[in-house]
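Report on the following structure.
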Amino acid sequence: MDLAEVSARLLVASLMTIIIRGTAWTQPAPAGPPAVGIVEATRRPITETSEFIGRIEAINRVNVVARVTAFLEKRLFVEGAEIKTGDQLYHLERGPFEADLESKQAQVAQLQATLENAKLTTERARTLLGGPAGQQSTYDAAIANQRSLEAQVQAAQAQVEASRINLDYTVISAPINGKIGRTAVTEGNVVSPSSGVLTTIVSQDPMYVTFPVPLRQGLELRERYGPKGGLEAVVIRLRLPDGRMFGQAGKLNFVDNTIAQNTDTVTVRGEIANPILRAPSAAGVTVHELTDGEFVTVVLEGVEPIEVLAIPRSAVLSDQQGDYVLTVGSGNKAEQHRIKLGQSTPTIAAVISGLSAGDKVIVEGLQRARPGQIVAPGPASPLILSDMKAATGDAGPSGKATDTKP
């Protein structure tokens, strides 16, 4: 073997050594247990809520109609404005009714004069009864004539009152406080009781909200709140069509006494304040948040919070068998627990069964943990802990549990 061949072999051996060592250096070290964030399952106060679709209804609603037949001379209101009881809305032609009233009053005056003369005749006949010229029949006839005239006077006075009422009907006034709609008839048209609705007035504050409750859910609500005070154990809050929560709370005041056969629901009604949003405009037009006929989401909320075993909603996983969570057990092994959920909030899940207080629930790193696998547990991030406290009332308003499932 010559020197060149020996050198080549030494070079190849050196290169192989370098490649083998380099490969060994690039191999990663064995990985440790996956890190996970945990939260202890604890009992926390949570407010039970149920949601329904409802409709706003005015407490008072009046369709204004004409009571007499006459020309419409003047409209006195601004369409869409707030009005008070007694405010004048329309003026009808008064002339014919004034003339009719004067005619009826004249008839009363004429009959009263005739009655006065009849009274004198009766008195004269009574005086003559004691003398030879007196006759009982004359006196009886005078008495009958007087009483007939008295009845005629009463009938004529009733006619006067009817004419005065008709004259008063030529001024159409608001019977309630509320917001008035558009007018259906303009000046110069003839209106009558058969003309239909001239305009509509709906009260504004407070308002009703009615909503159907499925019978099965109604029985659950009765079981839940009946022992706590029934209708007094809940308050009403409204979610507006744009997603905002209405700033006022209301109370239930009525549950219908029949079940709708076509929907198997019972109608429930509540009352809620509807204050003015801002001062009336120069024309007197006001704006309220709630409008008669508006669809809203009704949130039925328990007055007293209840204690539930609470965990973050993000810790709940689901498969074909149902809901489950992963916990950290002895030896830091991940364990699977099948759970049953109750009412929950967007951030908190209320656990009815499957967990115990103090169980360490994995809420972060779930994608890296498997049942039976050893994990490296640590506290969950401060954001999750703060959200959980805020949702259950530890750091803000009480959590509101809805009937929706995760």
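Values quoted throughout were computed directly from the atomic coordinates according to the rules given, and no laboratory measurement underlies them. Because the structure is predicted, anything quoted here is derived from the model rather than measured.
Laid out as a table, the results:
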| item | result |
| --- | --- |
| For residue 35, distant residues with modelled amide H under 5 Å away | 376 |
| Vicinal HN-Hα couplings computed from phi for the stretch 108-124 (Karplus, 6.51 cos²θ - 1.76 cosθ + 1.60; Hz; Gly/Pro x) | 5, 4, 5, 5, 5, 5, 5, 5, 4, 5, 5, 5, 5, 4, 5, 5, 5 |
| Given 228/251; 228/360; 74/179, the pairs whose alpha carbons are separated by over 25 Å | 228/360 |
| Share of alpha-carbon pairs per 10 Å distance bin for the stretch 62-200, given as whole % | 12, 27, 19, 14, 12, 9, 6, 1, 0 |
| Amide H contacts of residue 177 (H built 1.01 Å from N, under 5 Å, at least 5 apart or other chain) | 85 |
| In order through the stretch 35-51: 3J(HN,Hα) via Karplus (6.51 cos²θ - 1.76 cosθ + 1.60), integer Hz, x for Gly, Pro | 7, 9, x, 10, 9, 6, 5, 10, 7, 9, x, 9, 9, 6, 9, 9, 10 |
| Amide H within-cut-off set for residue 311, under 5 Å, with H built and near neighbours excluded | 349, 351 |
| Backbone HN-Hα couplings from phi across the stretch 301-309 [Karplus 6.51/-1.76/1.60, Hz, Gly and Pro as x] | 10, x, 5, 9, x, 10, 8, 9, 7 |
